[in-house]
Each structure stands twice: as C-alpha cells, then as structure tokens.
Amino acid sequence: MEFCFSATFSQPEELVPLAQAGDASGWNTMSVSDHLINPVETASPYPYTKDGQRRWEMGTPWPDPWVTIGHLAAVTERLRFLTTVYILPARTPVHVAKQVGTAAVLSGNRVGLGIGMGWMAEEFEAMGTSFAQRGKRADEMLEVMRKLWTGEIVEHHGEFFDVPALEMLPAPTEAVPVYVGGLSTAALRRAARHDGWVSDLHTIEELAAIRQQIEQYRQEYDRTEVPFSVFGSAKDAWDLDGYRRVAEAGVTHLVTMPWYFYAGATTDLAGKVGGIHQFAEDIIAHW
C-alpha cells in the first residue's frame with residue numbers, strides 16, 4: 001500500500017511547502033480537491049453528511065486543481081498528484097484533456113485524474129452545463145479525452161460532443177489513470193470500468209465491502225486482470241496494525257491528513273509539515 005496525503009481545506013500559500021515536505025519524506029501522492037464556486041445557499045444536499053450540510057464554511061478557498069498541480073509539480077521531483085475529486089461533467093472534454101494532458105507532460109506523468117459526477121446543481125448552472133445528464137456526459141467526455149491524449153489525428157461524433165478531425169499536442173507519454181469517486185451503484189460501476197475508485201471516509205469493514213462489490217462489477221466487464229487502485233480513507237485506523245488491515249481490505253493507497261494525529265485539524269503550517277514528516281517516520285518508513 002502507498003500513502004497519499006490530502007491538502008483539502010489547506011490555504012493556497014501552504015500548498016508548496018506541504019508538497020515539498022511530502023516529496024522529501026517518502027509519500028507517494030498528494031491530493032487536491034475541486035469546487036468551482038461556493039454558493040451562499042444551495043438547494044442541493046451534500047451527499048456525504050447525514051444532514052446534507054457541507055463540511056466547509058463560506059470563505060473556504062478552492063484553487064483550480066490543474067493550475068495547482070502544474071505549480072506543485074514544478075517544485076517537486078517524485079511526488080504524484082491526484083484530484084479527489086474533479087467535477088468532470090461540469091466542464092467540456094477538449095478543455096479538460098488539454099489541461100490534464102499538459103500537466104502530465106510537464107510533470108513527467110506524475111498525475112492521476114480522480115473524477116466525480118458532482119452533487120451541486122448550482123455549479124453546473126454557473127458553467128452552463130447539464131446537471132441532469134452529468135453521468136452520461138462524463139462517460140462520453142472520458143471517451144473523447146482518451147482519444148485526444150493519444151496525440152494522433154482523431155475525431156468524435158457522439159450524443160453530447162462533436163469533435164472534427166484534429167490533433168492535441170503535447171500528448172502524455174503514458175496513459176493518464178482515471179479514478180472515480182462516489183458511492184452509488186453507477187459510480188462504483190464506472191470505477192470498475194476505469195483505473196480505480198476514490199473513497200469518502202469509511203470504516204475498514206465498509207472499504208472491504210465496497211472493494212468486493214467493485215470486483216464483482218470488474219468480473220462482469222472482464223477487467224479482473226487489469227490493475228486497479230483504491231484510494232481509501234479509513235476512520236478506524238491510526239497505527240501500523242490498522243493500516244495493515246486497511247491494505248488487507250483492498251486499499252492500494254491510504255488517503256489521510258497526517259497532521260490530525262499529531263497537531264490536530266486546526267494546526268498551522270508548521271504543524272502540518274511536521275505531521276507529514278512524523279507520519280513518514282512512524283508509518284511509511286516501517287511499511
């Protein structure tokens with residue numbers, strides 16, 4: 001199992017020192033999150049809390065993930081970067097393919113595209129895209145994007161997008177992995193058709209059950225021999241034994257905020273950097 005730390009809710013000025021700390025101390029991946037806007041009020045319930053309320057307050061910054069990843073890749077050498085998760089269907093495929101493909105080239109293929117279908121209708125309204133058909137739209141977007149990432153002359157004529165014969169360069173020299181977040185049957189099936197799944201915060205037992213469910217879908221799609229990654233966050237693991245049980249549950253990449261264990265959720269930058277290094281000494285070095 002590899003280790004990924006999440007920079008969600010960190011301030012923009014903290015991101016470079018956090019990335020450099022992870023790069024220097026043996027972490028595999030740093031993840032960044034995505035929201036286009038933060039409405040004062042929304043009619044859309046947040047799907048990952050019991051009361052439907054968002055986990056953040058007004059004033060929370062959401063820097064653009066691909067601008068951020070491009071910046072962080074330039075000041076690191078080996079650390080990989082992942083979006084957890086990028087609201088894919090709120091965008092258009094040619095634009096996203098260009099952003100992600102460029103980031104892949106400039107970083108030396110150190111990027112992964114973690115996607116979600118989105119839950120906030122207001123974001124789609126602000127972008128002028130369809131919320132009601134976002135799942136079908138995202139599926140076709142990925143088809144278009146994979147064509148564009150070949151760097152060859154390609155075209156696409158589908159239900160939502162019509163792309164004439166063209167090429168998009170520079171092109172990644174390795175396939176960009178696509179990981180899917182979400183808990184619905186549609187989300188888990190979509191993950192099974194691609195390169196991996198991104199969890200919310202679960203117990204180890206829940207992670208194991210979801211992984212088993214995804215494997216059943218992968219059997220249906222005849223993809224059990226294709227490598228598959230699970231970026232999982234466990235709320236009942238905090239030491240080596242716990243993380244071994246997370247790995248046994250089928251998680252390939254543990255996602256955590258390591259400073260929570262040493263300095264608390266509201267610590268300053270020094271506490272976060274210290275947590276990254278201390279977790280690496282306590283856990284990663286003994287893995």
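What follows draws every value from the coordinates through simple rules; no lab data is involved. Only a predicted model underlies this, so the values are computations on that prediction, with no experimental measurement involved. Ideal geometry is used to build each Cβ from the backbone, glycine not excepted, and the neighbour counts take in all protein chains shown.
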Given charges at beta-carbon only (K, R positive; D, E negative), |dipole| of region 1-105 in Debye: 300
antiparallel share of DSSP beta bridges within region 2-286, to nearest 5, in %, is 10
Averaging over all projection directions, find the projected area of the Cα convex hull of region 1-90 and quote it in nm² with one decimal place. 7.0
Translational diffusion coefficient (Stokes-Einstein; Kirkwood radius from C-alpha pairs) of region 2-286 at 10 °C, 1.306 mPa s, in µm²/s: 81
Over the chain, with a Gaussian network built from C-alpha contacts below 10 Å, which listed residue (ILE210, ILE87, ILE153) shows the highest mean-square fluctuation? ILE153
For a paramagnetic label modelled at 7 Å from the Cα of PHE9 toward its Cβ, which residues of region 249-267 fall within the zone defined by backbone nitrogen distances under 17 Å? 255-267
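Using mean Cβ contacts within 10 Å as the protection proxy, how do 92-99, 249-256, 54-61 order, highest first?
On the way: 92-99: 19.1, 249-256: 22.8, 54-61: 11.4.
Result, highest mean Cβ count within 10 Å first: 249-256, 92-99, 54-61.
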Would you work out which of GLY182, ALA270, ALA73 lies farthest towards the positive end of the dipole of region 2-286, given +1 charges on the beta-carbon of Lys and Arg and -1 on that of Asp and Glu, about the Cα centre? GLY182
Interchain or long-range residues, amide H under 5 Å from ILE87's placed H: GLY116
Given charges at Cβ of Lys, Arg, Asp, Glu: the chain dipole, positive-most of MET257, PRO12, GLN219: GLN219
Starting from 0.36 nm per residue, how many nanometres of slack lie between VAL16 and GLU215 once their C-alpha separation is accounted for? 68.0 nm
Determine ³J(HN,Hα), in whole Hz, for all residues of region 237-249 in sequence, where each value follows from phi through the Karplus function 6.51 cos²θ - 1.76 cosθ + 1.60 and θ = phi - 60°; x replaces Gly and Pro. 9, 8, 8, 4, 4, x, 5, 5, 5, 4, 4, 5, 6
In whole Å, largest first, the alpha carbons of region 140-234 cover along the principal axes 48, 28, 25
Quickly work out the ASP64-to-ASN109 label distance, labels modelled 7 Å from Cα along the C-beta direction, and quote it in nm with one decimal. 2.7
For a quick check: with amide H placed at 1.01 Å from N, whose amide H comes under 5 Å from ALA234's, ignoring anything fewer than 5 positions away on the same chain? HIS202, VAL255
Give the dimensionless ratio obtained when the Cα radius of gyration of region 219-273 is divided by 2.2 N^0.38 Å. 1.52
What is the count of Lys pairs in region 2-286 whose alpha carbons sit under 20 Å apart, if the two are 8 or more places apart or on different chains? 4
Whole angstrom only: what separates the Cα centroid of region 135-149 from the Cα centroid of region 209-287? 28
Which of ALA21, ALA121, ALA165 moves most in a GNM of the chain, Cα contacts under 10 Å? ALA165
